[in-house]
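The values are calculated or read from the model by the stated rules, or taken from the named source; none is laboratory data. Since this is a predicted model, take the numbers as computed values, not measurements. Here the Cβ positions follow ideal geometry from the backbone for every residue, glycine too, while neighbour counts run over all protein chains shown. Keep in mind that these areas ignore ligands, DNA and RNA; they rest on the heavy atoms of the full protein, side chains included. Shrake-Rupley method; radii C 1.70, N 1.55, O 1.52, S 1.80 Å.
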Amino acid sequence: MKKILIILFLLLTLPVFADTMPFYVESIPKTVIGMYQTGENITIFSHPEANSKVIKKMEFSYNPETMPDNVFGVLINDKKLGFLYVSDIGDEGWVEVIYDRKTGAKGWVKTEDNLQFLPWLNFYNMYGRKYGLRLMKDSPDEIEVLHAKSEDLSQNVSTLRYVRQIRVTAIRGNWALVSVVDIDKTPKMGYMRWRGDDGSIYAFPNIK
């Protein structure tokens, strides 16, 4: 009985971590075209017009205990860094976001500057180059093959095993020119797929 009480006490006193990152291919819908960075609050509209119906208003404290579930595609509370998945773009800075990952509910938000919405290539060029990439846990084995060119039929440069670090040099379409360190600690350079032709994401910026 004493051991059970100790375990319960430890569970109740553990810190709450509400950070969010995608770790599986299916975490990111194939129709997503980029990321929208949130601030302290957002207003979500039914259409890309300021006079359309307001679907939802949300305020973000970036306190793990009070942050909403299933909203963010990426969330790092300590940095007050949050991103929603973007599924479509409109005119004059409007983007359609997924504001409930569980139900897939969508709505429109107005961007405040040119960097608030980052299409995938911009997002990977910014965060992939800064933090490197990590493979999704269920990514297909074939993406662990480095190619000489950004083509599936190009020469295989190396096959990776137990990847430790993936540094990005350039993004070209669905391919990334990378330098990879795996279990043998020898850097290997070549092209790897970060995204499939169907929109599946295989490798994601290792934001910390």
Applying the Karplus parametrisation 6.51 cos²θ - 1.76 cosθ + 1.60 with θ = phi - 60° to the phi angles of segment 26-41, what ³J(HN,Hα) value in whole Hz is obtained for each residue in order, glycine and proline being reported as x?
6, 5, 10, x, 5, 7, 5, 10, x, 10, 10, 8, 8, x, 8, 7
Pull up all non-local amide H partners of G73: gap of 5 or more, or a different chain, and H-to-H distance under 5 Å with H placed in the peptide plane.
F83, L84, Y85
Roughly how many debye, to the nearest 20, is the charge dipole of the chain about its Cα centre, given +1 on each Lys and Arg Cβ, -1 on each Asp and Glu Cβ, and no other charges?
780
Taking a spot 7 Å from the Cα of N41 along the direction of its beta carbon, which residues of segment 83-113 have an amide N less than 18 Å from it?
108-113
Quick one: which residues, 5+ away or cross-chain, put their amide H under 5 Å from the amide H of R134? H built at 1.01 Å from N.
F204, N206
Taking segment 123-208, the whole-percent share of alpha-carbon pairs separated by over 23 angstrom is 9
Across segment 75-178, how large is the tail of the calculated P(r) beyond 20 Å, expressed as a percent of all Cα pairs?
54
How many nm is it between the label spots at D184 and K137, if each spot is 7 Å from the Cα in line with the beta carbon?
2.9
Summing Lys, Arg as +1 and Asp, Glu as -1, what charge do residues with Cβ under 15 Å from the Cβ of D91 carry, D91 excluded?
-3
I need the calculated FRET efficiency for the pair K149 and E65, taking r as the beta carbon distance and R₀ as 35 Å, to the nearest 0.05.
0.10
What does the net charge come to around I33 if you take all other residues with beta carbon closer than 14 Å to its beta carbon, with K and R at +1 and D and E at -1?
0
Within the set S139, S61, S52, GNM on the chain using Cα springs under 10 Å gives the largest fluctuation to S52
Note down the net charge around R167, summing +1 for each Lys or Arg and -1 for each Asp or Glu among other residues with Cβ under 13 Å from its Cβ.
+4
Probe 1.4 Å, accessible area per residue of the chain, Å²:
59
Using the C-alpha atoms of the chain, what convex hull volume per residue, in cubic angstrom, is computed?
156
For segment 115-208, give the magnitude of the charge dipole about the Cα centre (Cβ charges: +1 Lys/Arg, -1 Asp/Glu; no others), in debye to the nearest 20.
580
From the phi of every residue in segment 187-196, what ³J(HN,Hα) in whole Hz does the Karplus formula 6.51 cos²θ - 1.76 cosθ + 1.60 yield, where θ is phi - 60° and glycine or proline is x?
x, 10, 10, x, 9, 10, 6, 9, 9, x
The relative contact order of the chain, taking Cα pairs under 8 Å that sit 6 or more residues apart, comes to a percentage of 19
In order over segment 170-181: 3J(HN,Hα) from phi, Karplus 6.51/-1.76/1.60, θ = phi - 60°, whole Hz, x for each Gly or Pro, gives 7, 10, 10, x, 8, 10, 10, 7, 10, 10, 10, 10
